[in-house]
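One structure is given below, encoded as structure tokens.
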Amino acid sequence: MPIYGALTLIVTLSSMGLPGLNGFVGEFTILLGAFGSAYISPWFAALSTIGVILAAIYLLYMFSKTIPWSIG
């Protein structure tokens with residue numbers, strides 16, 4: 001069970017876009033392109049940033065409720 005929990009933690013952190021894991025490259029380039037675009041309003045880029053933050057909060061909450069040895 002601890003191995004399963006550790007693997008779940010790595011997958012969760014990767015989904016959040018933690019630097020050094022595979023989700024970071026996609027999230028970073030999308031947000032960088034959104035903020036640097038002449039066609040997209042900066043408000044939409046800021047809204048997507050808030051979405052990334054809310055997704056990270058949800059993933060951490062999910063992890064704390066599903067893995068018994070985690071904090072929470």
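The values are calculated or read from the model by the stated rules, or taken from the named source; none is laboratory data. Everything quoted here is computed from the prediction, not taken from an experiment. Note that we place each Cβ from the backbone using ideal geometry, even for glycine, and neighbour counts take in every protein chain shown. What goes into the accessible areas is simple: the full protein's heavy atoms, side chains included, and nothing from ligands, DNA or RNA. Shrake-Rupley method; radii C 1.70, N 1.55, O 1.52, S 1.80 Å.
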Among what's in the stretch 20-40 and is among the polar types (S, T, N, Q) and assigned to a helix (DSSP H, G or I), pick the residue that is modelled with the lowest pLDDT.
ASN22
Contacts under 8 angstrom Cβ, first residue in the stretch 33-60 being farther than 24 Å from LEU13 by Cβ, partner surrounded by 11 or more Cβ atoms within 10 Å (Cβ to Cβ), 6 or more apart
SER37/ALA45; ILE40/ALA34; PRO42/PHE35; PHE44/ALA34
Selection over the stretch 1-17 where residues are open to solvent by 40 Å² or more (accessible area, probe 1.4 Å) and among the hydroxyl-bearing types (Ser, Thr, Tyr) yields a count of 2
Selection within the stretch 43-71 - farther than 16 Å from GLY17 by Cα, touching a Gly at 6+ places or on another chain (Cβ under 8 Å) and surrounded by 16 or more Cβ atoms within 10 Å (Cβ to Cβ):
ILE67
